[in-house]
Amino acid sequence: MNNWLNLWGETSRPGFAFTSILVELAKDGARDYVRDFFPDRAAETGEFAYERAVQVATGQALMEFLYLVQQELEDADLNEAELEEYALPLRELIRDKSVAALLGSAFEADCSVLDSALLAKTWERLGLLSLPEDLSWQRTAKRYLKKVKAVVRESAELREILDSPAPDPRDVPVIGWREYRQWLQKQYGNLRLDSLDTSGAAYNQLRLWRIFIPQSVREVQEFLPQVHEMPKEVQKQLAASGELEEELSAREVEEYRDFYYRQHSFSVLEAISAEADPYLVILGDPGSGKTTLLQYRALQWAESPLKNLDSEAVPILIELRLYKENRNLEFLEFFIQQAGKDCHLELRQIQELLASGRALLLFDGLDEVFNPEQRQEIVGEIIRFTKTYPQVRTIVTSRVIGYNQKRLREAGFRHLMLQDLEPAQVDEFIQRWHELTFDDPIDKEKKRERLKRAIEDSAAIRELAGNPLLLTMMAILNRNQELPRDRAELYNQASRLLLHQWDTERVLKDARLASVTIDYKDKQAMLRKVAYFMQDNSRGLAGNSIARGNLERILTEYLQTMLGQNSSQNPQQIARVVLDHLRTRNFILCFLGGDYYAFVHRTFLEFFCAWEFVWQFEKEQKLESQQLIHETFGKHWQDESWHEVLRLIAGMLEPKFVGEAIEYLMKQGDDRGKCRNLLLAANCLSEVRNRSAIEPTANRLLHRIKTTTSSRRKIAPQYWLKLLTAIVSVWPTETENFLWIKAQLNKSKNEQLIISGLKEINKDDTTRPSNFLLSLFKHHRNSEVRQAVLQELIKHYKDDSETLKFLKSRSKEDGSSDMRTSAIEALIETCKYDTNALAFVKSCAKEDVDPNVRTFAVEALVKGCKDDPSTLAFVKSRAREDVDPNVRLFAVEVLVKNWKDLPDTLTFVISRIEEDRSYSVRTAALQALVNGWKDDPDTLALIKFLIKEDSSYSVRTAALQALANGWKDDPDTLALIKFLIKEDSSYSVRTAALQALANGWKDDPDTLALIKFLIKEDSSYSVRTAALQALANGWKDDPDTLAFVISRTKEDSSYSVRTAALQALANGWKDDPNTLALLKSRIKEDGSYSVRSAAIEALVIGWKDEPGMFEFLRDRAKHDSFDHKSNLETNPRQAALEAIVEQYSSHPKTLQLLWNRAENDPDERVRRFAREKLRQIR
């Protein structure tokens, strides 16, 4: 059951209120509901409801619908308890057959709008709980339709079942690209470290191909988190300059941000390789790896074997920072100038490549076009390029700040945000870096462990390590010295490294200036002044931004002092050069847009600000001790945006001063239950290395925190937890503190606080006994708390005897499938030192009531104990004996994946094909046979047998497709396909056979006649429709085809076939003099409202500029004979009216027609549509 919920997306929706509805449906994989969801398809064959892809899609669609309704209810300010009251009413609503059919109709390829009125009327008819006044079924239906289209788009298996058309193959050959391959390898093959000082090590030959770590991405189609975290004045400036699409309210920002972080992230390589997304924009912070990603993608092609070059899309990488300097050239001309001169590429050759769709266009660094107007011009050029070559996949990269996504989003570009490197990715980078850059194995291991330890020991360093460029910087720094544990020293050395481009030997030159030497200390001093100014403005440290005028003034004033009054140099001009280099070369400042600048990473703003305070205190002696405490700590301790700066100050000064600051903070008030004075005091204490120098102060602080936490009066819950966490992090070695914290958690009634507290007290220490966790599990009934306890036990105490005993009991007895699964996962890891664990997991795989748990147990068994002699036999027994077909299917797949080369595996797979009672297992086994043992002498004979004799249409279809694809030249294949076309009882098999015949044997003399026979004589409208489409696509030039298609527009009994015939006619014979007249006649005379509506749409697409077309459509909008009987019906009058509004909105009689239909049309839906359009016009 839980596996279905996972597949449907329930577990990825925190706070989802209607899980109980899905739980009920999940008991049988929603098979019963599928029959109501797809009534026509399910009626034709009972096996349709057992298709796994259909079951998954149905559950996903329902999940999306329920979640959209929940969002509508939450927008009406309903609380959690009030939401729960709608669970039963919503269950009744979706169980209504008309509603189920409506929701399922969204999967039809030609469905563009859902009848939201049916939802409202059904809710009223069933007499369900009153809804909030502002709940919009229309908005819900519109959003639901988009979600369903996404479900269809993301499932190739579902599209195949729903008979979605496959893309046309691209078989234009690519020639002469070997030199280009070598050029790419030379240009991008080595890791670029231009912005980092790499002296002292040979990094220049470090291959990007081997060091690149692909990050994850999240979708940001509607919302850019970083942009809306900037100060309001910067947002307004960006909006004024056209670099920000719109300002959002605080509530909208929070809703968008919450949705953004609730999304599952996925690999960026998966994103840029997905054919479903032809146009992408990859966004990221500076140093996040955008350029490296595109270079890596180009190298994927360049590093491919030579024999594969002609079969893969050729990458064309255009660096916009260089292109902007060559605006007199078109994109392709610029590309040839860059690469073609070495590769002898010709414009015609590239144009042919693009026209065939066999290219991948990569635009790097849109943000590096600094002029907003020029940037928008280039965006327009990119959009025009995609329209010229619509088959070419296009990827654009840009920094987030200053990027306006509106135009590219409207042009169909999907937007994705690069995420920070995850801990596992950081570890992998460190592993690869040291393997590739160190020769001495002892030194390699020593430096690798030193860097890993530094990252693990410091939260601030861990945060910086998520940025690929900063992580690379740390790896370089770590080579020659120990990465400092105190952040202030790390930031100092990091800034020195980033600024080393301007060392004492480097001279900045400008055509109008004499030589000026500026070393890294000058840069640091200037940046201290900038940070100090930023903290003193109206937004303070909460706003990381500074206007260009103020920034230039600060740099100019420093340079004036440095150069002296009598210098002949122009300090303002030098300041502009310095600013440009700080932004473009040193990775310290960045341009936000709207004439504002910021520190690239907030860490550097906080560090330089703290350093300036310390500089004024220690070096310049402008500040006295009490002044620094009262005017800096005293003024800002309640502002959490200042806490990091105050902590850094504490880390840079002597313990005596920190002790005085802590004593001062403890004397402050309770801060309205937030206790920020105590939290800051604890954090400042953590910065002190020699804590013994202020031990009495430290002891008083610990006592004060415990006293405050124990009382719990007037303390906000999240700050209560922060105080407990502070004790763990600041006093990690004192056992009595952990005992005290556990007692506090035991007293708590807040489940979320308990869960968070458990993670905090267990994350760093593995020596504490598990009794506390076991006790907490027994006494708490909340499932989230119990799951959290179980995870902590597994993480820290899985080899403890009591824990093992506990896990075994949970794997058998717990009422939650999730809990049993987690326990099984932990148990399988203990097999090495617990001989009974393997047998225990096997019993779970055989006896658990939930097939998903049994499946998981089989998977865990193979993963953890594959080499055990008994595992193979056990997997076979599950493939034969489990009562659930999904478990048996999984066992077959696992068997083939892990033991394919064993001599009896083939025999076993064949036995499953011949003996299993489930079509899904037989189909899976058949596919395994074809993929793994195609050349076995018995395989072909078995496939032929299945084609004729298997009782399941799915198996027969799979066997047929295997035969057509793998044994086309076998003398019996064509005869078998013809046999199936005429004799098979299933329309699905006949359709598949027909498609195989049309694709593989078009030139056979019998093929055309057989297709014409099917069009006229087959009993299934689906087969007749497929045959008609095959005829129109494959034999358009046959002299009889046009007449044949025309006959089907009138004579076929199925509206589906007549519709397909009209569409084929409009697409293939638009210029025939009789086509327009025929379409008009069918619009007037066909007995099916569906055919008339489809014909109207085809008419508007192909003949909207034809004289008299407006008058014809106006007549249909007023006089079509459609009589409303069901909300699922498409009214041709509305189709005509919609076409007029879309194509002839400025016609002088359109408004009059809308008024007429709004008042006089007999169909309420048409009247409502007309009124809505009139409202929009007003």
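The values are calculated or read from the model by the stated rules, or taken from the named source; none is laboratory data. The structure displayed is predicted, hence computed values, not measured ones. A quick note on method: Cβ atoms are made from the backbone with ideal geometry, for glycine too, and the neighbour counts reach across all protein chains shown.
Observations
- Residues (touching a residue at least 40 places away in the same chain (Cβ under 8 Å) and touching a helix residue (DSSP H, G or I) at 6+ places or on another chain (Cβ under 6 Å)) located in region 125-151: Leu129, Leu135, Thr140, Arg143, Tyr144, Lys147, Val148, Val151
- Cβ-Cβ under 9 Å pairs, at least 6 apart or on other chains, region 86-98 side assigned to a helix (DSSP H, G or I), far side modelled with pLDDT of 85 or more and β-branched (Val, Ile, Thr): Leu90/Val69; Leu93/Val69; Leu93/Val99; Leu93/Thr122; Ser98/Thr122
- Residues that are surrounded by fewer than 18 Cβ atoms within 10 Å (Cβ to Cβ) and outside any helix (DSSP H, G or I) within region 390-432 comprise Pro390, Gln391, Ala411, Gly412, Gln419, Glu422, listed in sequence order.
- Answer residue from region 352-406, given it is among the basic types (Lys, Arg) and more than 21 Å from the chain's Cα centre (by Cα) and is nearest to Ala598 (Cα to Cα) among those: Arg375
- Residues satisfying the stated conditions in region 420-461, i.e. among the small types (Gly, Ala, Ser) and at pLDDT 85 or above: Ala424
- Selection count where residues are of a type in the set (Lys, Arg) and in contact with a helix residue (DSSP H, G or I) (Cβ under 6 Å, 6 or more places away or on another chain), scope region 645-690: 2
- Subset tally (residues that are part of a helix (DSSP H, G or I), in contact with a Phe, Trp or Tyr (Cβ under 8 Å, 6 or more places away or on another chain) and among the hydroxyl-bearing types (Ser, Thr, Tyr)) for region 1034-1060: 2
- Taking the conditions (1) at pLDDT 85 or above; (2) under 20 Å from Ser801 (Cα atoms); (3) among the small types (Gly, Ala, Ser) in turn, Ala845 satisfies each one other than (2).
- Among (1) more than 46 Å from the chain's Cα centre (by Cα); (2) among the small types (Gly, Ala, Ser); (3) surrounded by fewer than 21 Cβ atoms within 10 Å (Cβ to Cβ), the one test that Gly659 misses: (3)
- Members of region 691-719 that are closer than 16 Å to Leu679 by Cβ, among the hydrophobic types (A, V, I, L, M, F, W, C) and at pLDDT 75 or above: Ala698, Leu701, Leu702, Ile705
- None of Ile395, Ile461, Ile455 is in contact with a Lys or Arg (Cβ under 6 Å, 6 or more places away or on another chain) and in contact (Cβ under 8 Å) with a residue 12 or more places away in the chain except Ile455.
- Checked against the criterion of being among the β-branched types (Val, Ile, Thr) and either part of a loop (DSSP other than H, G, I, E, B) or surrounded by fewer than 20 Cβ atoms within 10 Å (Cβ to Cβ) (or both), region 449-458 contains not a single residue that satisfies it.
- All conditions in (1) of a type in the set (Lys, Arg); (2) in contact with a helix residue (DSSP H, G or I) (Cβ under 8 Å, 6 or more places away or on another chain); (3) touching a residue at least 24 places away in the same chain (Cβ under 8 Å) hold for Arg409, with the sole exception of (2).
- From the list Ala1139, Ala1135, Ala1094, Ala1117, the lone residue that is under 46 Å from the mean Cα position of the chain (by Cα), outside the structural domain of Ser112 (by TED's automatic domain parsing), modelled with pLDDT under 90 and crowded, with 20+ Cβ neighbours inside 10 Å is Ala1094.
- Failed criterion for Val883 (all others in (1) in contact with a Pro (Cβ under 9 Å, 6 or more places away or on another chain); (2) part of a helix (DSSP H, G or I) hold): (2)
- For region 616-642, the set of residues classified as buried (at least 19 other Cβ atoms within 10 Å of the Cβ) and either more than 17 Å from Leu680 (Cα to Cα) or of a type in the set (D, E, K, R) (or both) consists of Phe617 only.
- Subset of region 1081-1091 (residues that are under 19 Å from Glu1106 (Cα atoms) and within 46 Å of the chain's Cα centre (by Cα)): Arg1082, Ile1083
- Scanning region 567-590 for residues that are under 21 Å from Arg496 (Cβ atoms), assigned to a loop (DSSP other than H, G, I, E, B) and modelled with pLDDT under 80 turns up Arg585, Asn586, Phe587.
- Within region 341-370, considering residues that are closer than 14 Å to Leu322 by Cα and part of a loop (DSSP other than H, G, I, E, B), the one modelled with the lowest pLDDT: Phe370
- Close pairs from region 99-124: first among the hydroxyl-bearing types (Ser, Thr, Tyr), partner in a loop (DSSP other than H, G, I, E, B) and surrounded by fewer than 21 Cβ atoms within 10 Å (Cβ to Cβ), Cβ under 7 Å, at least 6 apart: Ser105/Cys111; Ser105/Leu1128; Thr122/Asp96
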